[in-house]
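Worksheet: the structure to be examined is printed underneath.
The values are calculated or read from the model by the stated rules, or taken from the named source; none is laboratory data. Please read these numbers as outputs of a predicted model, since none were measured by experiment. Here the Cβ positions follow ideal geometry from the backbone for every residue, glycine too, while neighbour counts run over all protein chains shown. In case anyone asks, the SASA skips ligands and DNA or RNA and just uses the protein heavy atoms, side chains included. Shrake-Rupley method; radii C 1.70, N 1.55, O 1.52, S 1.80 Å.
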Amino acid sequence: MLELRSRDDLQMEATRFKKVCVLGLGYIGLPTASMFATHGIEVVGVDVNPHVVETLNRGEIHIEEVGLAELVKQAVADGKLVVKTQPEAADAFIIAVPTPIKDDKSAEMKMVASATEMILPYLKAGNLVILESTSPPNTTVGLIQPILEKSGLVAGEDFYLAYSPERVLPGKILHEMVYNARVIGGISAASTQAGSELYSTFVQGEITLTTATTAEMVKLMENTFRDVNIALANEFGLVAEQLGVNVWEAIELANRHPRVNILKPGPGVGGHCIAVDPWFLVEAAPEITPLIKTARQVNDGMPNKVVERLKQLLASQPLGDKPKAIAVLGLAYKADVDDARESPAMAVVDGLLSLGYDVRLSDPWVKDLHGLDLPLVSVEEAVTGADCVVILTDHQTYQQLNPVELAKLITHRTVLDARNSINTRLWQESGFTTAKLGSELTRLNDH
């Protein structure tokens, strides 16, 4: 591990990076660009979507994140953030484009490669290029470096090249971007130091220096750790259902052990990190990662478990001429965000639609259904005349629902809570039969 420089020294040296070009203005790129812009750096943001460019140049935002609207508005009004469809010359370039997975679970790196190619005409001696996109190991040295060296410049000698993964939680991105520890990995000691100098512009957390490939590995390890432990919790839930045990009670009791911290089971894993990143490690070393692969398969299989549980609940209801109606509450992959990328809720909806159910969708946060051709309605509209309610995201608004009022609207008072997010007793007192993943069907008179 490389030696850390003092923060005062880094902040003084960071003034040489007077202009930064950020490629990709999504959930990470836009907060990053805005953070630099509100800390005295001239920023050119780049996005290939004309709607995004127009929206941001008006000082408005196209994604939801706490505090982001105010930050972007300030940056644009001050003239520190300008958004374009093409990059331009700058002192530093940051690549923050998506890295999805293909159907075969390998990494799709076209957007990273394309963004790097876009930088090439503007690259000059003394520039710094940083990859932030979560990527398979060796992407920085194996993909980025060869493309940039087509310029005739040598990475690590003529220009700096580094990798720095984001480590932020949606809903708290701006806070964590400043205060979380930051890992900077360069292809050379000078590249690592240059990256540290740039991020010290606004980062107040510890800045730790390492190599590019180690930094790539760190990011993947962090998300894989979460994925494997969520898979364990999900398997505990499935076993509990089979044995007639309430897994939520069992987890609470097990976690009283001083060295045990079992995570929460649920309908699956979503988002563009935990649901994707472990596959990059499987791709890099398929013969020696059976645990990681199995955890991914367990979590990817949970939406089907939800669909099967709903089928069981609906099977006990009287048959009618119309398809059974299911009110789906929550499409985001986690609570109180608008992000439905890789959301297990979307997989549940697809499964229900394939079985011919009448599916009604409601989510107070989500706007983009990623190609799903169904309307978004209010909770009341979704529940009216429904045969079952399923809660797939633990938004705070769902914890505040009034089951007494919903009971007046629904046809069959049945609810499946896939997140353990509601007060079961209140719903039972309102006449609902309740079910949770990892526990048996319960009614008011059950013990």
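Taking every DSSP beta bridge with both residues inside the chain, roughly what % is antiparallel (nearest 5)?
Bridges in the chain that DSSP calls antiparallel: roughly 10 percent.
Which of the residue pairs LYS18/LYS150; LYS105/LYS219; LYS18/LYS73; LYS264/LYS305; LYS110/LYS264 have a Cα-Cα distance greater than 27 Å in the structure shown?
From LYS18/LYS150; LYS105/LYS219; LYS18/LYS73; LYS264/LYS305; LYS110/LYS264, over 27 Å: LYS110/LYS264.
Largest first and to the nearest Å, give the Cα extent of the stretch 65-118 along each principal axis.
Principal extents (largest minus smallest coordinate, Cα): 45, 31, 17 Å.
How big is the charge dipole of the stretch 121-245 about its Cα centre, in debye rounded to the nearest 20, if each Lys and Arg gets +1 on its Cβ and each Asp and Glu gets -1 on its Cβ?
200
Write down the accessible area per residue of the chain in Å², having rolled a 1.4 Å probe over the full set of protein chains.
44
Quick one, could you list the DSSP H helices from the chain stretching 18 Å or more along their long axis (Cα atoms) with average Kyte-Doolittle hydropathy of -0.5 or above?
Helices meeting the span and hydropathy rule in the chain are 212-243, 302-315.
Rounded to the nearest 20 debye, what is the charge dipole size of the chain about its Cα centre when +1 sits on each Lys and Arg Cβ and -1 on each Asp and Glu Cβ?
Charge dipole of the chain: 460 debye, to the nearest 20.
Give the carbon-plus-sulfur fraction of the accessible surface of the stretch 252-330 in %, rounded to a whole number; probe 1.4 Å, heavy atoms of protein chains only.
56
Express the carbon and sulfur contribution to the solvent-accessible surface of the stretch 43-122 as a percent, rounded to the nearest whole number, probe 1.4 angstrom.
The C+S portion of the solvent-accessible surface of the stretch 43-122 is 53 percent.
So what is the relative contact order for the chain, in percent, with contacts set as C-alpha pairs under 8 Å and at least six apart?
Here the relative contact order equals 11 percent.
Would you rank ASP104, ASP373, ASP91 by solvent-accessible area, highest first, keeping every protein chain in place and using a 1.4 Å probe?
Greatest to least solvent exposure: ASP373, ASP104, ASP91.
Please list, in chain and number order, the residues 5+ apart from ILE101 or on another chain whose amide H is under 5 Å from its amide H, with Hs placed from the backbone.
GLU108
With all distinct Cα pairs included, what does the Kirkwood hydrodynamic radius of the stretch 111-152 come out to in Å, to one decimal, could you say?
In the stretch 111-152 this quantity evaluates to 10.7 Å.
Report, please, the projected area of the chain averaged over directions, based on the convex hull of its C-alpha atoms, in nm².
Result: a mean projected hull area of 23.2 nm².
With labels modelled as points extended 7 Å from the Cα through the Cβ direction, what inter-label distance (nm, one decimal) is found for THR85 paired with LEU120?
Label at THR85, label at LEU120, 2.1 nm between them.
With no solvent and one point on each alpha carbon, what is the Debye value of log10 I(q)/I(0) for the stretch 87-205 at q = 0.19, 0.23 Å⁻¹?
-1.04, -1.36
Among PHE17, VAL306, ALA347, whose Cα projects farthest towards the positive end of the dipole of the chain, with charges put on the beta-carbon of Lys, Arg (+1) and Asp, Glu (-1)?
VAL306
Quote the accessible area belonging to TRP427 in square angstrom, nearest 10, computed with a 1.4 Å probe and with ligands, DNA and RNA left uncounted.
10
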